[in-house]
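Enquirer: Pasting a structure below so you can have a look.
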Amino acid sequence: MAQALEKISEIFPWDLEDGLGTQSPPLLVDVRERDEFEQGYIPGSINVPRGILEAACDFGFAETVPELVRARELPLVVICRSGRRSALAARTMRELGYSQAVSLKLGVKGWNDSEFPLIDGHGNPVDGEEAEKILEPEIRPEQLG
């Protein structure tokens, strides 16, 4: 993580919220898995799971996301649950030529903690307290080490 953070910039949720209200808002790329995304995401985000990111960023693949391929020179914010996967993904995107890719520090958890809106896979608003339960699963004893 430390190496990734040396090569990328991060943006806080409140700064992203401000940026979404501009004439040229950034492209929002959520790299969580589809089921995570469907439970609650930042409105306007596209879902490109981390496992297919490289293929999604280039033409000629079943995973190609044309909007993403064309965004190499545009402001782009990479999003995940807590900001760790997005930092790694933003580093990868920088290596792939996305000059303005940044990571959302604190991820969707931080966005929700800031009381900004989330919607589900059907476009319905997600209650902040419900989102918190989804975004903060309990850690099992064996996961503590």
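The values are calculated or read from the model by the stated rules, or taken from the named source; none is laboratory data. Here the structure is a predicted model, which means the values were calculated and not measured. Here Cβ is always computed from backbone atoms with ideal geometry, including for glycine, and neighbour counts include all displayed protein chains.
Enquirer: Name the residue that is surrounded by the most Cβ atoms within 10 Å (Cβ to Cβ), counting only residues in region 67-83 that are in a helix (DSSP H, G or I) and touching a strand residue (DSSP E or B) at 6+ places or on another chain (Cβ under 9 Å).
Expert: Checked region 67-83; the qualifying residue surrounded by the most Cβ atoms within 10 Å (Cβ to Cβ) is LEU68.
Enquirer: Hey, can you tell me all the residues within region 4-24 that are more than 18 Å from SER114 (Cα to Cα) and in contact (Cβ under 8 Å) with a residue 40 or more places away in the chain?
Expert: ALA4, LEU5, LYS7, ILE8, SER9, SER24
Enquirer: Follow-up. What are the residues in region 114-129 that are touching a residue at least 60 places away in the same chain (Cβ under 8 Å) and either part of a loop (DSSP other than H, G, I, E, B) or not β-branched (Val, Ile, Thr) (or both), if any?
Expert: SER114, PHE116, PRO117, LEU118, ASP120, GLY121, VAL126
Enquirer: Could you list, in sequence order, all residues of region 1-48 that are closer than 20 Å to LEU68 by Cα, in contact with a helix residue (DSSP H, G or I) (Cβ under 8 Å, 6 or more places away or on another chain) and in a helix (DSSP H, G or I)?
Expert: Listed by number, the list holds a single entry, LEU16.
Enquirer: Looking at GLU73, GLU38, GLU33 in this structure, which one is at pLDDT 95 or above, of a type outside the set (Lys, Arg) and farther than 29 Å from GLN3 by Cβ?
Expert: GLU38
Enquirer: Please go through region 10-49 and give me each residue that is of a type in the set (A, V, I, L, M, F, W, C), surrounded by fewer than 20 Cβ atoms within 10 Å (Cβ to Cβ) and under 17 Å from HIS122 (Cα atoms), ordered by number.
Expert: Listed by number, the list holds a single entry, ILE46.
Enquirer: Considering only residues that are part of a helix (DSSP H, G or I), in contact with a Phe, Trp or Tyr (Cβ under 9 Å, 6 or more places away or on another chain) and within 25 Å of ARG72 (Cα to Cα), which ones fall in region 93-110?
Expert: Residue satisfying the conditions is VAL108 alone.
Enquirer: Among the residues of region 110-132, are any over 22 Å from PHE12 (Cβ atoms) and either crowded, with 21+ Cβ neighbours inside 10 Å or under 16 Å from the mean Cα position of the chain (by Cα) (or both)?
Expert: yes
Enquirer: Next up: When you check GLU63 against the structure, is it at pLDDT 95 or above, of a type in the set (Asp, Glu) and under 15 Å from the mean Cα position of the chain (by Cα), yes or no?
Expert: Here the answer is no, as GLU63 does not meet what is asked.
Enquirer: State which residue pairs qualify: first residue touching a residue at least 40 places away in the same chain (Cβ under 8 Å) and inside region 56-84, second residue among the hydroxyl-bearing types (Ser, Thr, Tyr) and surrounded by 21 or more Cβ atoms within 10 Å (Cβ to Cβ) in any location, beta carbons under 6 Å apart, and separation of 6 or more residues or different chains.
Expert: The qualifying pairs are LEU76/TYR98; VAL78/SER86; VAL78/SER103; ILE79/SER86; CYS80/SER86.
Enquirer: Mind listing whichever residues of region 49-59 are in contact with a helix residue (DSSP H, G or I) (Cβ under 9 Å, 6 or more places away or on another chain) and farther than 17 Å from GLY97 by Cα?
Expert: PRO49
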